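Here the structure is laid out as structure tokens; the discussion comes afterwards.
Please treat every number below as a calculation from the coordinates, not as lab data. Here the structure is a predicted model, which means the values were calculated and not measured. All Cβ positions, glycine included, derive from the backbone under ideal geometry; neighbour counts span all protein chains shown.
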Amino acid sequence: MGTDHSKLRHSHSSREKTAVPSIKLPVSPSLNQMKDSRSRSGSTSSTKTGNSARHPISVKSRRLIQSAFANPHDSIGRRSVKRSCEAKAEFTSFYLSLDQQSKEEFEENVKILLNRVVANIDYVEEMERLSEEFGRDLVEWRTKGFRADLLCVLADAVCKECLHLDSAVHKAHTTTHAFSQLGTLIFSSVRNGFYMEIRKKRRTSNSFSSVGSGSGSSRREEKKGKDGTNKDDSPRSYSPESTGSDEYLSTDGDDGFLKPPPTILLSSRSF
């Protein structure tokens, strides 16, 4: 009996030590497919915002996340960045290329993002907007070595650091599931904002290039006009039907080909 009881205890504890899954950002930017079955039950008690029916995180998981963030977490940004550096050498290269002020700014931005998202955890559209805004701001860090493939590294690190905030109050698999959902929602929107800002900058750059090439063409046309090759008063610009063009036509059996203007006409035009 004692042996069986110890085996049961051992198997129960091993199940609780669940490995933290890596966050895989969905291919589609839409998160509507992640609707929770409890949200679709139509319970009026969980429709605080009017759009909770499409919220990808259950009410129970949201309350767990909020209770975890009620604990001290001032260093969560720094710890998340440090864990990212430990996970991938490319992230370490990016981080070490920053000066001290930029390092602190990046860490603070991560912490602010998490605080704002958790504060609006019942408002999924606001969560997405805040995350997209963070992603757009990340584009400016590309000049310092940040790349889009580092987003997954940061997402995993944030999720793992958030698990420690729960202080083992809830079961490990419950906490892991809640923060995995939160990380997926946040960093899917971060990625969307990142690429939207890149496309916006490219469109702006292309529009400036088009304007520049257009002005260059107009200058070339103007230059052609100044040297007399394409100006409207060029002898070759007149048609046989135009008024006053008979003097340019030959009447001596040359089949109507244009001939150079006479010397008298050239002298009169010089005035």
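Quick look at the values:
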quantity	calculated
Test item: Cα-centred dipole of segment 49-205, Lys/Arg +1 and Asp/Glu -1 on Cβ, debye	420 debye
Rounded, prolate or oblate (a/c below 1.5 giving rounded, otherwise prolate when a/b exceeds b/c) for segment 49-205 by Cα gyration tensor	oblate
Global geometry of segment 54-94, whether rounded, prolate or oblate, following the gyration tensor of its Cα atoms and the 1.5 cut on a/c	oblate
Lysine-lysine proximity count for segment 49-205, Cα under 25 Å, sequence distance 8 or more or distinct chains	21
